[in-house]
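Trainee: Pasting a structure here, questions to come.
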Amino acid sequence: MAAQFEKAVVTDEGRSLIAGSEGTETALEFTGMATGAGVYTPEQATYAELKVKTALKDPVQLFPISGLRKYNTETALIKSVLSNEELEEPYNWNEVGIYARLKGSGLDPVLFAIAVVLNDGGTEIPAASPSTLMTVSQSFYLKTNGASPVTIEVNHDVCALLEDVGINIDLETDDTTTLVAAINEVNALAKELQWMNTHNRYYAAIADDDGTLIVDDDDTIILGDWKYQIV
């Protein structure tokens, strides 16, 4: 059974990126999702402790962002497809981080947001072998608080299919950036739907009649989670 991550926290460095993007044409660019084996006690997993983090405790793997969907001026859905394909040693997946930077800044990405599992209770990720190969579609709803454009760093080595990252390019040109991003987004969605179907566990963000995502008092997006059964 997959481990339950605590609520994702946007770090101080992440909030600085948002502030640097607001009111400008500089895009907030998400560059990768990292997983790690760091162990967090409840005291180490508070908002106050996590918001000052600049790195994962024990990073193990780093994956490209496979898709991004901007729901409104406040919220973005970030997706990545995680795999153990080249993993040599198993580990407990206890922490995950989203990395970002201001597009065109030339600076190294910073830890934009972090989420953790308490007390080493994370999912065990096995080392790669023919019998243990696995992929996981991981999604994050993040508050971007009106940051100007929001985009992803496109990895042309990640394959995919097509959806709503914005298919607005001229296919007679060499500009395949948007197409690759769109294909990656659909591929991630397909893997996520496959996981839901296999585990008979379906979830989605809940929106009101106007299409605005519903959040709680802490601005955390509320997900509907249900199982199909015959009654």
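Trainee: Quick check on the stretch 71-98: of everything there that is in a strand (DSSP E or B) and of a type in the set (S, T, N, Q), which residue is farthest from Gln4 (Cα to Cα)?
Mentor: Thr75
Trainee: Here's something else I'd like to know. Test Leu68 against the criterion of being farther than 12 Å from Val96 by Cβ, assigned to a strand (DSSP E or B) and not acidic (Asp, Glu), and give yes or no. Please lay out each step first, then the result.
Mentor: On the way: farther than 12 Å from Val96 by Cβ: yes; assigned to a strand (DSSP E or B): yes; not acidic (Asp, Glu): yes.
Criteria met by Leu68.
Trainee: Let me ask something additional. Scan the stretch 61-81 and give yes if some residue there is polar (S, T, N, Q), free of Cβ contacts under 8 Å to residues at least 60 places away in the same chain and either over 25 Å from Leu107 (Cβ atoms) or loosely packed, with under 15 Cβ neighbours inside 10 Å (or both), otherwise no.
Mentor: no
Trainee: If only one of Ala48, Ala19 is without any contact (Cβ under 8 Å) to a residue 24 or more places away in the chain, of a type outside the set (Asp, Glu) and within 23 Å of Gly121 (Cβ to Cβ), which one is it? Even if it seems obvious, please write down each step before you answer.
Mentor: On the way: Ala19 fails: within 23 Å of Gly121 (Cβ to Cβ).
Ala48 is the lone residue from the list that is without any contact (Cβ under 8 Å) to a residue 24 or more places away in the chain, of a type outside the set (Asp, Glu) and within 23 Å of Gly121 (Cβ to Cβ).
Trainee: Quick one: would you say Glu49 is touching a strand residue (DSSP E or B) at 6+ places or on another chain (Cβ under 7 Å) and either at pLDDT 90 or above or assigned to a strand (DSSP E or B) (or both)? I'd like the intermediate steps shown before the answer.
Mentor: On the way: touching a strand residue (DSSP E or B) at 6+ places or on another chain (Cβ under 7 Å): no; either at pLDDT 90 or above or assigned to a strand (DSSP E or B) (or both): yes.
No, not satisfied.
Trainee: Please state which of the following conditions Pro109 fails to meet, knowing it meets all the rest: (1) in contact with a Phe, Trp or Tyr (Cβ under 6 Å, 6 or more places away or on another chain); (2) surrounded by 22 or more Cβ atoms within 10 Å (Cβ to Cβ); (3) not aliphatic (A, V, I, L, M).
Mentor: Pro109 satisfies every listed condition except (2).
Trainee: Any residue that is surrounded by 13 or more Cβ atoms within 10 Å (Cβ to Cβ), within 22 Å of Ser16 (Cα to Cα) and of a type outside the set (Lys, Arg) - is there at least one of those in the stretch 126-134?
Mentor: no
Trainee: Let me ask something else about it. If you go through the stretch 99-152 one residue at a time, how many are at pLDDT 85 or above, part of a strand (DSSP E or B) and of a type in the set (Gly, Ala, Ser)?
Mentor: 3
Trainee: Looking only at residues that are among the β-branched types (Val, Ile, Thr) and farther than 16 Å from Ala76 by Cα in the stretch 202-231, which one is modelled with the lowest pLDDT? Outline the logic, then answer.
Mentor: Taking the stretch 202-231 and keeping what is among the β-branched types (Val, Ile, Thr), we get 206, 212, 214-215, 220-222, 230-231.
Now narrow it down to the ones that are farther than 16 Å from Ala76 by Cα: 230-231.
Numbers: Ile230: 53, Val231: 47.
Result: Val231.
Trainee: Pairs under 9 Å by beta carbon, first residue farther than 13 Å from Thr31 by Cβ in the stretch 101-124, partner among the basic types (Lys, Arg) and not in a strand (DSSP E or B), six or more apart or different chains?
Mentor: Ile114/Lys51; Ile114/Lys53; Ala115/Lys7; Val116/Lys57
Trainee: Pairs under 6 Å by beta carbon, first residue at positive phi in the stretch 4-16, partner among the aromatic types (Phe, Trp, Tyr) and assigned to a helix (DSSP H, G or I), six or more apart or different chains?
Mentor: Pairs that qualify, where the first residue is at positive phi and the partner is among the aromatic types (Phe, Trp, Tyr) and assigned to a helix (DSSP H, G or I): there are none.
The values are calculated or read from the model by the stated rules, or taken from the named source; none is laboratory data. No experiment lies behind these values; they were computed from the predicted model shown. All Cβ positions, glycine included, derive from the backbone under ideal geometry; neighbour counts span all protein chains shown.
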